[in-house]
Amino acid sequence: MTDLTAFWSYLSEGPLLWLALTLLAYAAGDACFRASGRKPYVNTVLVAVAILAMILWVTGTSYGTYFEGAQFVHFLLGPATVSLALPLFDNLGRLRRAALPVAAGLLAGSATAAASAVAIAWGLGVRGEALASLAPKSATAPVAIGIAERIGGAPTLTAVLVILTGIAGAVVATPLLNALRIRDWRARGLAVGVASHGIGTARAFQVNPTAGAFAGLGMALNAVATAFIAPLVLALFL
Amino acid sequence: MIHTLLVLLACQLAGEAAARLLGLAVPGPVIGMLLMLGILVALPRFAALARPTAEGILANLSLLFVPAGVGVVGHISTLGTQAVALLVALVVSTVLAIAAGAGAFVLVARLTGAGDD
């Protein structure tokens, strides 16, 4: 028994176990997604996060200890963002031809995301710091956090809202766009990337490569657009 | 694979450096993506070399959000007493934003005749 305890404390302190469990939870999430017949609400990220949160809670492991292992996965977000250049390059001709629709989709999506979020929260009694933290939530995490700091939000709260927005977008996009009968993969992808950044983009790549490329573009463009739109929207409510 | 990883990291590094030195609001990796796009446009042959590694990373893009997602669970309490209001605002605004963005795209594509072929 003491051997087992010693082994556990050895494993749980190192990065190996948590890195392996991160991949295992993701594989389990992906299996659930496939087993459900690819239902969008059985979101792979959501299932994996739930499994890992449960494991950390049951074993009394801190997030800091977990992240020692998970950081190797987390780190790849940077190179992955750079990799989005490849699908953009593959679709460069289509992007050029669609410059005006892309601009329209970006402005409408970005402004709606910030304005409706702040208006609804304001209507429900949210004020001050929390409202400022909400305004940039559709941008990719580092951008949203930077903007939130500048307009008086709380960075941790913004990080939480950004991830939840990404998951919400990834879950609702397919049924919503089907219900609206929007079949243009370019429009679907761009809208999802603008509204729900990288998590939405990852989901778009699962559905269709064209949607994925336009989602990556939407995410990148909205990183810039939100920097201008979020402070403007917030100024209306303060 | 090593060469592609090197180029990806170099683009990210250059992007981070540019973001810091010039005080840009756009994060380093996004600038790195634009640099990478510039390289691909300048050297189209590089695309074939980079494809296996870049597509391998992108095929598992969802996985990369799992660690941050787990971090969020511990911070759900930071939503505080306004949790319900913030969650409603977040979900409804995301639905509206996707609908508005896709709708505007389709409308303008129809008006300008920017069909997809």
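We did not get these values from a lab; they are worked out from the coordinates using the rules stated. Everything numeric in this text was worked out from a predicted model, so none of it was measured. With ideal geometry, Cβ positions are generated from the backbone for all residues, glycine too; neighbour counts draw on all protein chains shown.
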## Note on the structure
Rounded to one decimal in nm, the spacing of the 7 Å Cα→Cβ label points at B:GLU55 and A:LEU180 is 3.0
### Task
Determine, from the Cβ-Cβ distance of A:PHE237 and B:THR112 and an R0 of 30 Å, the FRET efficiency 1/(1 + (r/R0)^6), rounded to the nearest 0.05.
0.30
### Acute angle (nearest 10 degrees) that the helix A:15-35 long axis makes with the longest principal axis of chain A, alpha-carbon atoms
60
### Added length on full extension, which subtracts the Cα-Cα distance from 0.36 nm per residue, A:TYR41 to A:ILE55
2.9 nm
### Message
Which of the three applies to chain B, rounded, prolate or oblate, going by the alpha-carbon gyration tensor with a ≥ b ≥ c and a/c under 1.5 meaning rounded?
### Response
oblate
### Query
In peptide B:20-29, what is the residue-averaged number of other protein chain Cβ atoms found within 10 Å of each Cβ?
5
### Message
I need the calculated FRET efficiency for the pair B:ALA17 and A:LEU124, taking r as the beta carbon distance and R₀ as 30 Å, to the nearest 0.05.
### Response
0.10
### Message
To check my understanding: the extent here is largest minus smallest coordinate of the Cα atoms along each principal axis. What are those three numbers for the stretch A:2-74, in Å, largest first?
### Response
44, 25, 16
#### Entry: Gained length - A:ASP90 relative to A:PHE75, 0.36 nm times residue gap less alpha-carbon distance
2.9 nm
### Query
In peptide A:115-127, how many Cβ atoms from other protein chains are near each Cβ within 10 Å, on average?
5
### Query
How are the C-alpha pair distances of the protein assembly as shown spread across 20 Å bins, as whole percents from the shortest bin up?
31, 59, 10, 0
### Task
Could you state the angle between the C-alpha long axis of helix A:141-150 and the longest principal axis of the C-alpha atoms of chain A, as a value from 0 to 90 degrees rounded to the nearest 10?
70
### Query
Averaged over peptide A:193-199, how many Cβ atoms belonging to another chain are found within 10 Å of each residue's Cβ?
5
### Query
Mind checking the alpha-carbon convex hull of the stretch A:84-170 and giving the volume per residue in Å³?
106
### Task
Post the alpha-carbon centroid distance, the stretch B:87-117 to the stretch A:62-110, in whole angstrom.
19
### Query
Between A:THR156 and A:SER12, what is the label-to-label distance in nm when each label sits 7 Å out along the Cα-to-Cβ direction?
2.3
## Note on the structure
Stretched fully, the stretch from B:HIS75 through B:VAL41 gains (0.36 nm per residue minus C-alpha distance, one decimal, in nm) 8.0 nm
### Message
Rounded to whole Å, give me the distance from the Cα center of the stretch A:165-238 to that of the stretch B:15-83.
### Response
15
### Between helix B:66-75 and chain B: long-axis angle, C-alpha atoms, 0 to 90°, nearest 10
30
## Note on the structure
By the C-alpha gyration tensor axes a ≥ b ≥ c (rounded if a/c is under 1.5, else prolate when a/b exceeds b/c, else oblate), the shape of the stretch B:1-59 is prolate
### Message
Starting from a Cα-only point model with no solvent, please compute log10 I(q)/I(0) by Debye for the stretch A:83-237 at q = 0.08 1/Å.
### Response
-0.21
